[in-house]
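Notes for the one structure printed next.
Each reported figure results from applying straightforward, stated rules to the coordinates on display, with no laboratory input. None of the values given here were measured: they were computed from a predicted structure. Cβ placement follows ideal geometry from the backbone for every residue including glycine, while neighbour counts extend to all protein chains displayed.
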Amino acid sequence: MVAEDNTSLLGAIRDTLELDGYRVCGVTNGLQALEAFSHFRPQVIVTDVAMPEMDGFELYRQVRRESLGMAIPFVFISVRDMAQAVKQVASNHSAHFLRKPFGPEELLEAVRKFLG
């Protein structure tokens, strides 16, 4: 699943992942992602940190409350310095951070880290 409020970037991420063989559910905010999570059950969630309605960290916390969401890896993306992000999920080894702008290979490397 990809949650990104910039629809151009959402499309680029979706295209990159689909061209690599992944099935992608794309949404534009954290609330939509949480709703889609109950139906889609993704193997990895790529999420922007700053989004309207619900940010990426709140989405992370909400998904982790679900028993099926405990093991789902997250790839956080942001234009901001990632030091604060690292602190928020530092104890979790199933999280990766990408700073915008990033290239297709960086994205695929992050996703492959969890899915092989």
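Scanning residues 5 or more positions from G26 or on other chains, those with amide H under 5 Å from its amide H are V2, with H placed 1.01 Å from N in the peptide plane. Around the Cα centre of the range 2-115, unit charges on the Cβ atoms of Lys, Arg, Asp and Glu (plus for the first two, minus for the last two) sum to a dipole of about 380 debye. Residues with beta-carbon under 12 Å from that of G69, excluding G69: net charge, scoring Lys, Arg +1 and Asp, Glu -1? Spelling it out: positives minus negatives among the neighbours equals +3.
Each of Y60, L34, S78 was scored by the projection of its Cα onto the charge dipole of the range 2-115, and the greatest displacement toward the positive side belongs to Y60; charges sit on the C-beta of Lys, Arg, Asp and Glu.
The length gained on full extension between M70 and K100, counted as 0.36 nm times the residue separation minus their Cα-Cα distance, comes to 8.2 nm.
Estimated purely from DSSP H runs of n ≥ 4, each contributing -39500 (n - 2.57), the mean residue ellipticity at 222 nm for the chain is -13500 deg cm²/dmol once divided by its residues. Note on the chain: the C-alpha convex hull projects to 6.4 nm² when averaged across all orientations.
Here the label points at S38 and D81, each 7 Å from Cα along the C-beta direction, are separated by 3.9 nm in the simple model.
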